[in-house]
Amino acid sequence: MTRAAAGLGIAQPPLSQQIRALEKHLGLALFQRHPKGVRLTDAGRLLLDDTRRLLLDVVALEQRMAGFASGRRGVLTVAFTSSAAAHPFTPQALRACRNEYPDIALALSENNAAEITEGVATARLHCGLLRVPVARPAGLVFEPLLHEGVVVALLLGHRLARTGPNGRPKTLRLRELRDEGLILVRRPGAPGLYGNLLARCEKLGFRPRIVAEVERMVTNLNLVAAGAGISVVPASMQGTHPHAIVYCPLAASADLSAPLTLVHRAADDAGPTATFVQLLRRLAAQAQQGLE
């Protein structure tokens, strides 16, 4: 007992008192005491085995917490819109995260921009990838990672689906869509890519005829393929329904672009979220350099 107290850096009497208090609390003897020292009882040996396991668990817990603090371990919940998922950058970023940080478990889901924004704001999600923000709640950071052009999605054989001398679809001006039925992806009353599109049309002096509003961009392209109308989508979506849809570039004068935007909480400046944010910033900078 004296050697144990010395190893703990305390006097022997206080250690004996703490052991007796523990025995009283447990309602059984942990040691058999005799003139030459002490010996563990059966209960003492059982407690010793469990205590060693608990101490190992504490060490493992400390290691897990250290991994979380370093941003290299933990669960990261990420959601993206269908159009953000279609951008080549998104799967590239997710692969890079898995390769560089294998101890970060990614929990992925898909939703619309409004639900993703709300999910991040209420801490149901750590971060999300979307196009144009539809709301900007306090405490959230919206970082445009990359920008790309938009294209007009037309049913094969549509009158506007013309090709140039090089065989490629001709560039369309926004005013050429005046008499067409538009299929939009938006939350009623909210801004976003389609809110910007409608504002540009009104600036040119016309109100487009909206034939449908849907929640996801894949749905509106399904409707275009079915002949329900036309739509305007980010350029990276133009691989959808290639045998039914023609994608024509929209003229630069339309002043429309589709950003890829990362949303996360400003307070999440540590842990896996901070690691993921830094990774996406680095990858986006490299992608931008490649474009230049």
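Go through segment 191-224 residue by residue and tally those that are basic (Lys, Arg) and either free of Cβ contacts under 8 Å to residues at least 24 places away in the same chain or assigned to a helix (DSSP H, G or I) (or both).
Looking only at that region, the number is 3.
Do you know which residues across segment 1-29 are over 18 Å from Asp42 (Cβ atoms) and in contact with a helix residue (DSSP H, G or I) (Cβ under 7 Å, 6 or more places away or on another chain)?
Met1, Thr2, Ala4, Ala5, Leu8, Ala11, Gln12, Leu15
Under 6 Å by Cβ, and 6 or more places apart or on different chains, what pairs join a residue from segment 24-35 that is closer than 15 Å to Leu48 by Cα with one that is open to solvent by 80 Å² or more (accessible area, probe 1.4 Å)?
Gln32/Arg39
Name the strands (runs of 3 or more DSSP E) wholly within segment 78-190 that hold at least 2 residues that are open to solvent by 40 Å² or more (accessible area, probe 1.4 Å)?
In segment 78-190, the matching strands (runs of 3 or more DSSP E) lie at 104-110, 140-148.
Can you say whether Ile210 is touching a helix residue (DSSP H, G or I) at 6+ places or on another chain (Cβ under 9 Å), open to solvent by less than 30 Å² (accessible area, probe 1.4 Å) and over 28 Å from Val141 (Cβ atoms), as far as the supplied structure shows?
So Ile210 fails the test.
Residues in segment 239-255: is at least one outside any loop (DSSP other than H, G, I, E, B), under 29 Å from the mean Cα position of the chain (by Cα), surrounded by fewer than 20 Cβ atoms within 10 Å (Cβ to Cβ) and of a type in the set (A, V, I, L, M)?
no
Select from segment 68-77 the residues that are touching a strand residue (DSSP E or B) at 6+ places or on another chain (Cβ under 6 Å) and in a helix (DSSP H, G or I) and list them in ascending order.
Phe68
Taking into account only those residues within segment 23-45 that are open to solvent by 70 Å² or more (accessible area, probe 1.4 Å) and within 17 Å of Ala4 (Cβ to Cβ), which is modelled with the lowest pLDDT?
Looking at the filtered set, the residue picked out is Lys36.
For segment 263-279, which positions are open to solvent by less than 20 Å² (accessible area, probe 1.4 Å) and over 16 Å from Ile104 (Cβ atoms)?
If the condition is that a residue be open to solvent by less than 20 Å² (accessible area, probe 1.4 Å) and over 16 Å from Ile104 (Cβ atoms), then Val263 is the only one that fits.
Could you list, in sequence order, the residues of segment 225-238 that are out of contact with any Leu (no Cβ under 8 Å at 6 or more places or on another chain) and in a loop (DSSP other than H, G, I, E, B)?
Answer for segment 225-238, where residues must be out of contact with any Leu (no Cβ under 8 Å at 6 or more places or on another chain) and in a loop (DSSP other than H, G, I, E, B): Ala226, Ala228, Gln238.
The values are calculated or read from the model by the stated rules, or taken from the named source; none is laboratory data. Because the structure is predicted, anything quoted here is derived from the model rather than measured. Because the Cβ atoms are built from the backbone with ideal geometry, glycine has one as well, and the counts that use them run over all protein chains shown. Calculation scope for accessible area: heavy atoms of the full protein, side chains included, ligands and nucleic acids excluded. Shrake-Rupley method; radii C 1.70, N 1.55, O 1.52, S 1.80 Å.
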